[in-house]
Amino acid sequence: MKGISHFAAGVAVASCFPGVVESGAAGNPLYFILGGAFGLLPDTLDFKIGRFFYRHDMQVVPDPLRPDPRMIADAVAMAANEAQAAGKPVRIRLHTIRIGADAWQSYTVAFDVSGRKVRVEYGPVVNTGGQPIEWGGRPTGQRADAALACDIRLEYEAVTKVDIFDGPIFEMVPSRNGMVSPVFIPWHRQWSHSIPMAVGFGLAAGMIWGFMAGLVAAAAYAAHAILDQLGYMGSNLFFPFTSRRSSGLRLTHSSEVLANLATVWLSCLVIFWNLYSAGTLRVPDLNWMKLLFHGAAVPLVAFLLLRRLVNGRKEAGAPWKR
């Protein structure tokens, strides 16, 4: 999920404690702030600290002037083959291809499990927002395959898009049966996304701000890790007792607009209901069934109808004005 979703979920979790609502009504917003902050903390630890200490064994730096998908495919296949041959993990970093101030040459890396090969294909030039742009003379659809000397076991998606900012790291992890698992950005959702770490941060917050703060910090932190389990990557929920991420439920992607919008919206409904139940808000003749119907079901149906209408117009090629 995106940061705003985790922030909203953290505040919603904080509002579930009656003492937090009472404190907020009395003019003390500390616990709500802690809920939002600790809801963001796991990703902050990963992206602002953890990734800079993660080392790689190989790196692929494509030449922006001479596009060569075969070089990339051969390097990825080499990393997997070396991991299988040596019996130990091999980490490979794929760099992005920047060709202008706001222009990036995108490419995809795909693992063909049945064909035992890696396929790299150049895509369109995109801007920093990830949208395709016109850029003459660049390859599109140019691709190359590289054979694998081992079977691949996928724990994430088969195709990875590489486009803007930093490129991904794969850790090729061999198993005893000779297969290799390409672990996508292995530094993410490891030690930082565990329930024991949530307990640890809760204890730390409790010693600084008191017992209620500790409960809020631990619950908001744990909510982040659990919420991430809805996606594909999963989290290492029980570090340090486990060393690898458990598989996610594969219900949505972290960048899915509807999933993030729904998370923020439902978090706001939880906050509203908790404030209402505590008597800080007065709405006549309200119950939880009416709240779910008017606050969740009706907006969801309206959003789905609107999205279907927009997608239908786009497929029909109808012009839209901004």
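Here are some notes:
- Only residues that are in contact (Cβ under 8 Å) with a residue 24 or more places away in the chain and of a type outside the set (Phe, Trp, Tyr) were counted in region 25-67, giving 25.
- So Arg55, is it surrounded by 14 or more Cβ atoms within 10 Å (Cβ to Cβ) and of a type in the set (D, E, K, R): no
- Residue match in region 70-87 (condition: of a type outside the set (Lys, Arg), in contact with a helix residue (DSSP H, G or I) (Cβ under 6 Å, 6 or more places away or on another chain) and open to solvent by less than 30 Å² (accessible area, probe 1.4 Å)): no
- Test for Lys48: is it basic (Lys, Arg), open to solvent by 40 Å² or more (accessible area, probe 1.4 Å) and either touching a Lys or Arg at 6+ places or on another chain (Cβ under 7 Å) or over 26 Å from Gly200 (Cα atoms) (or both): no
- Residue check, Val216 touching a residue at least 24 places away in the same chain (Cβ under 8 Å) and more than 21 Å from the chain's Cα centre (by Cα): yes
- Of all residues making up region 1-33, the number that are under 30 Å from Gly234 (Cβ atoms), of a type in the set (A, V, I, L, M) and crowded, with 19+ Cβ neighbours inside 10 Å: 8
- Condition met for Asp43 (of a type in the set (Asp, Glu), surrounded by fewer than 17 Cβ atoms within 10 Å (Cβ to Cβ) and out of contact with any Asp or Glu (no Cβ under 8 Å at 6 or more places or on another chain)): no
- Any hit, region 45-56, residues being under 28 Å from the mean Cα position of the chain (by Cα), among the hydroxyl-bearing types (Ser, Thr, Tyr) and under 30 Å from Asn177 (Cβ atoms): yes
- All conditions in (1) open to solvent by 10 Å² or more (accessible area, probe 1.4 Å); (2) within 22 Å of the chain's Cα centre (by Cα) hold for Trp135, with the sole exception of (2).
The values are calculated or read from the model by the stated rules, or taken from the named source; none is laboratory data. Remember, predicted model here, so these are calculated numbers, not experimental data. Don't worry about glycine lacking a Cβ; one is built from the backbone with ideal geometry, like all the others, and counts go over all protein chains shown. SASA here: full protein model, heavy atoms, side chains in, ligands and nucleic acids out. Shrake-Rupley method; radii C 1.70, N 1.55, O 1.52, S 1.80 Å.
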